[in-house]
Amino acid sequence: MARNFFTVMRSSAPSSTAERGTVTAPPPPSNMKEEAAAGVGVHLDPSLGAVRHEITEAVEMALELRDVSAYYGTFQAVDRITLPIPRNRVTALIGPSGCGKSTLLRCLNRLNDLIPGARIEGNIEFEGRNLLDPNVDAVDVRRRIGMVFQKPNPFPKSIYENVAFGARINGYSGDMDRLVEDSLRRAALWSEVKDELNKSGLALSGGQQQRLCIARAIAVQPEIILMDEPASALDPVATLKIEDLMRELAEHYTIVVVTHNMQQAGRVSDYTAFLLAGEERVGRLVEFGPTQEIFTNPLDQRTEDYITGRYG
């Protein structure tokens with residue numbers, strides 16, 4: 001059954017200062033458009049200083065982040081991010097460089113575990129379990145939540161073997177030819193490479209290499225695909241192909257994408273989260289909601305300033 005994440009947040013929040021003990025939540029930023037936030041379907045979370053628009057459609061949540069903080073040694077990269085990721089939708093993470101977007105993305109499939117000194121606090125709920133629980137197998141998490149990186153990174157193998165590699169090491173015992181074809185079709189690459197599957201993946205163009213990497217991620221049958229600026233190194237034609245592909249993939253997968261391109265976020269995403277870091281370089285959530293609302297009626301002045309290019 002679909003749940004309204006923000007209704008849950010409001011009903012479970014402390015109703016008085018006494019319930020919170022002696023801790024008093026800081027007031028929302030003074031530049032927040034509280035007159036707009038007083039309307040129906042908008043929620044102010046003063047403890048986090050963030051604005052959230054209600055999710056009004058009937059959609060389940062693929063992931064639910066609650067008070068997620070990430071550290072590299074003593075340096076804190078992101079602070080107390082509470083965020084829903086709707087299933088079978090594209091969610092964009094936007095914000096200036098250094099605000100923790102990629103760090104947050106890597107938290108979602110525990111890639112930060114591979115960095116010495118890195119640690120994550122909080123909860124990331126996936127199918128009723130906290131992915132950050134030490135008893136959860138991080139390798140299985142990465143199989144079910146795949147990653148496509150900024151720079152295409154095909155293996156020095158044939159196109160066929162690039163797609164089949166992950167499935168093989170995960171013990172796939174079905175029809176490999178069919179799996180490779182289906183994965184390449186879903187990545188919108190099959191028609192371009194079907195007659196040269198033995199060709200090296202490294203011989204493809206940059207845009208084709210990125211779609212090959214997407215096919216490789218799809219082949220292990222994940223539920224969620226994370227994309228870290230997947231089109232930033234591509235030309236405009238290849239970029240549009242990747243954007244069209246993201247929209248098509250959202251019919252079958254949940255997509256979370258980091259992008260610096262505001263036009264791209266507006267074109268491909270259903271929901272947008274805006275992150276910002278202050279002088280201390282700690283990334284925090286400023287505003288989250290349906291992309292159309294974020295781009296046409298942002299409720300925090302900082303969001304409007306970033307989207308309109310006043311800074312960042």
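Considering only segment 284-312, state which residues are polar (S, T, N, Q) and under 12 Å from residue 96 (Cα atoms).
Passing the criteria: only 303.
Being in a helix (DSSP H, G or I) and closer than 21 Å to residue 226 by Cβ is the filter here, so list the residues in segment 149-178 that pass it.
Residues of segment 149-178 in a helix (DSSP H, G or I): 159-169, 176-178.
Those that are in a helix (DSSP H, G or I) and closer than 21 Å to residue 226 by Cβ: 162, 163, 165, 166, 167, 169.
Just checking, which of 273, 215, 250 is of a type in the set (A, V, I, L, M), over 22 Å from residue 55 (Cβ atoms) and touching a residue at least 24 places away in the same chain (Cβ under 8 Å)? Before you say what the answer is, go through the steps one by one.
On the way: 273 fails: over 22 Å from residue 55 (Cβ atoms); 250 fails: over 22 Å from residue 55 (Cβ atoms).
Result of the check over 273, 215, 250: 215.
Does residue 200 fit the bill of being of a type in the set (S, T, N, Q) and in contact (Cβ under 8 Å) with a residue 24 or more places away in the chain? Please lay out each step first, then the result.
On the way: of a type in the set (S, T, N, Q): yes; in contact (Cβ under 8 Å) with a residue 24 or more places away in the chain: yes.
In short, yes.
Would you point out the residue of segment 245-269, among those that are under 21 Å from residue 107 (Cβ atoms) and not aliphatic (A, V, I, L, M), that is modelled with the lowest pLDDT?
260
Can residue 77 be described as in contact with a helix residue (DSSP H, G or I) (Cβ under 6 Å, 6 or more places away or on another chain), closer than 23 Å to residue 260 by Cα and buried (at least 16 other Cβ atoms within 10 Å of the Cβ)? Don't jump to the end; show me each part of the working.
Numbers: in contact with a helix residue (DSSP H, G or I) (Cβ under 6 Å, 6 or more places away or on another chain): yes; closer than 23 Å to residue 260 by Cα: yes; buried (at least 16 other Cβ atoms within 10 Å of the Cβ): yes.
Criteria met by residue 77.
Tell me, which residue of segment 107-119 that is surrounded by 22 or more Cβ atoms within 10 Å (Cβ to Cβ) and not polar (S, T, N, Q) is nearest to residue 277 (Cα to Cα)?
107
Filter segment 81-134 for residues that are at positive phi and either small (Gly, Ala, Ser) or within 16 Å of the chain's Cα centre (by Cα) (or both) and give the result.
Correct list: 88, 95, 98, 100, 110, 117, 122, 128.
Identify, by number, the condition in (1) more than 30 Å from residue 205 (Cβ to Cβ); (2) touching a strand residue (DSSP E or B) at 6+ places or on another chain (Cβ under 9 Å) that residue 106 doesn't meet.
Unmet condition: (1).
Output the residues belonging to segment 241-278 that are β-branched (Val, Ile, Thr) and in contact with a strand residue (DSSP E or B) (Cβ under 8 Å, 6 or more places away or on another chain).
If the condition is that a residue be β-branched (Val, Ile, Thr) and in contact with a strand residue (DSSP E or B) (Cβ under 8 Å, 6 or more places away or on another chain), then 254, 255, 256, 257, 258, 259, 268, 272 are the ones that fit.
Out of (1) in a strand (DSSP E or B); (2) among the polar types (S, T, N, Q); (3) within 19 Å of residue 148 (Cβ to Cβ), what's the single condition that is false for residue 112?
Going through (1) in a strand (DSSP E or B); (2) among the polar types (S, T, N, Q); (3) within 19 Å of residue 148 (Cβ to Cβ) one by one, residue 112 breaks only (1).
State the number of residues belonging to segment 292-312 that are touching a residue at least 12 places away in the same chain (Cβ under 8 Å) and of a type in the set (Val, Ile, Thr).
So the count comes out to 3.
Of the residues that sit in segment 122-139 and are out of contact with any Leu (no Cβ under 8 Å at 6 or more places or on another chain) and either modelled with pLDDT of 95 or more or under 14 Å from residue 108 (Cβ atoms) (or both), which one is surrounded by the fewest Cβ atoms within 10 Å (Cβ to Cβ)? Walk me through how you get there before you give the answer.
Of the residues in segment 122-139, the ones out of contact with any Leu (no Cβ under 8 Å at 6 or more places or on another chain) are 127-130, 132-139.
Cutting the leftovers down to either modelled with pLDDT of 95 or more or under 14 Å from residue 108 (Cβ atoms) (or both) gives us 127, 129-130, 132, 136, 138.
Values: 127: 9, 129: 13, 130: 15, 132: 19, 136: 14, 138: 15.
Out of the qualifying residues, it is 127.
The values are calculated or read from the model by the stated rules, or taken from the named source; none is laboratory data. The structure presented is a predicted model; accordingly, all values stated were derived computationally and were not measured. Here Cβ is always computed from backbone atoms with ideal geometry, including for glycine, and neighbour counts include all displayed protein chains.
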